[in-house]
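Report on one structure; see the data block that follows.
Values quoted throughout were computed directly from the atomic coordinates according to the rules given, and no laboratory measurement underlies them. Since the structure is predicted, the reported quantities are computational estimates derived from the model, not experimental observations. Don't worry about glycine lacking a Cβ; one is built from the backbone with ideal geometry, like all the others, and counts go over all protein chains shown.
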Amino acid sequence: MEVHVVLLLFGPPGCGKGTQSPLLRDRLGIPAISTGDMLRRESEKHSDTGKTIDCLLAAGCLVPNEMVNHLLEARLAEPDCRDGFLIDGYPRTVEQASHLHQILEGLDLAAPTLVHMDVPDSVLISRLSARWNCRSCGAIYNLLSKPPLRDGFCDIDNEPLWQRNDDTVETAHCRLDAYKAVTDPVLGFYKLGGTGNVIHVNAHQSPDAVFEEIKAALETEVFSPVRLRT
Ligand SMILES: [Zn+2]
């Protein structure tokens, strides 16, 4: 029997998912698939589907589920996915999760392991709202990694700093709420539906430590159908 590792990477905004995805790809030697990249790639091919995607996005419309599902199915059937893969940003709905289930069955691939990157809300809020800008000279500060010397004022010209709407604490709360509303049903699908494994990792640590925790969880007997390549 062939060994596969099928990972679905989940985590709230600010959890460091964007760092973990390429780490997992490189160290596990599996492709990392994001639906956003998949749509971009199709559009660059200038295929009929690609042209439709361009029109939809130009008009500010969402690409229909059916189209995303179809592209994903074609992508997962490619040879580089045979030993496993990682999907980032999908499934977002129970409907997509159940479609993915059908694709995996159809391609005779393993049940997925959903890796959820846990970070306390308070930490996410401070990460998501750490950015402050200087309106007059354009300098950008980050309270966590590059704070101004004097609280609330620009180092260069002493002007008061301000936050873009996207960066405020209120917006951060909204983004986390929206994430949970979308993700909880999908987590439930895998946890309660018996259609995959769910592991929670502590993502409030260094990227390497997070990676080691994911790897260790995948290697435990609980997930015996999932075996890593050495
Ligand atoms: Zn300034």
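Rounded to two decimals, what is the ratio between the C-alpha radius of gyration of the range 73-230 and 2.2 N^0.38 Å? Numbers along the way, then the final one.
Details: Rg = 20.7 Å, N = 158, 2.2 N^0.38 = 15.1 Å.
Rounded to two decimals, the normalised Rg is 1.37.
Using only Cα atoms, what is the ratio of the radius of gyration of the range 31-148 to 2.2 N^0.38 Å? Numbers along the way, then the final one.
Details: Rg = 19.1 Å, N = 118, 2.2 N^0.38 = 13.5 Å.
Relative to the 2.2 N^0.38 Å estimate, the range 31-148 comes out at 1.42.
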Sorted by number, the cysteines in the chain with no other cysteine beta-carbon under 4.7 Å are Cys15, Cys55, Cys61, Cys81, Cys137, Cys174
Quick calc, the chain, dipole around Cα centre from Cβ unit charges on Lys, Arg (+) and Asp, Glu (-), nearest 20 debye, gives 280 debye
Given the options Gln96, Ser145, Pro112, identify the residue whose Cα lies farthest towards the positive end of the charge dipole of the chain (+1 on Cβ of Lys, Arg; -1 on Cβ of Asp, Glu). Ser145
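Can you count the Lys pairs in the chain whose Cα atoms are under 29 Å apart, with each pair 8 or more apart or on different chains? Present the calculation step by step, with values, prior to reporting the outcome.
Details: Lys17/Lys45; Lys17/Lys146; Lys17/Lys180; Lys17/Lys191; Lys17/Lys215; Lys180/Lys191; Lys180/Lys215; Lys191/Lys215.
Counting lysine pairs in the chain gives 8.
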Report, by chain and number, residues whose modeled amide H sits under 5 Å from the one on His200, excluding near sequence neighbours (fewer than 5 apart, same chain). His116
What ranking do 139-151, 114-126 get when scored by the average of other Cβ atoms within 10 Å per residue, highest first? 114-126, 139-151
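Based on DSSP H runs of at least 4 residues, each adding -39500 (n - 2.57), what is the mean residue ellipticity at 222 nm of the chain after dividing by all its residues, to the nearest 500 deg cm²/dmol? Walk me through the numbers on the way to the answer.
Working: 8 runs with 104 residues, N = 230.
So the calculated ellipticity at 222 nm is -14500 deg cm²/dmol.
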Label-point separation in nm, Asp54 to Ala74, each point 7 Å along Cα→Cβ: 1.5 nm
Compute the convex hull volume of the Cα atoms of the range 29-82, divide it by the residue count, and report the result per residue in Å³ as a whole number. 77 Å³
Amide H neighbours of Ile33 at under 5 Å, excluding residues fewer than 5 places away on the same chain, with H built from the backbone geometry, are Leu86, Ile87, Asp88
Could you order peptides 61-69, 7-15, 89-97 by the average number of other Cβ atoms within 10 Å of their residues, highest first? 7-15, 89-97, 61-69
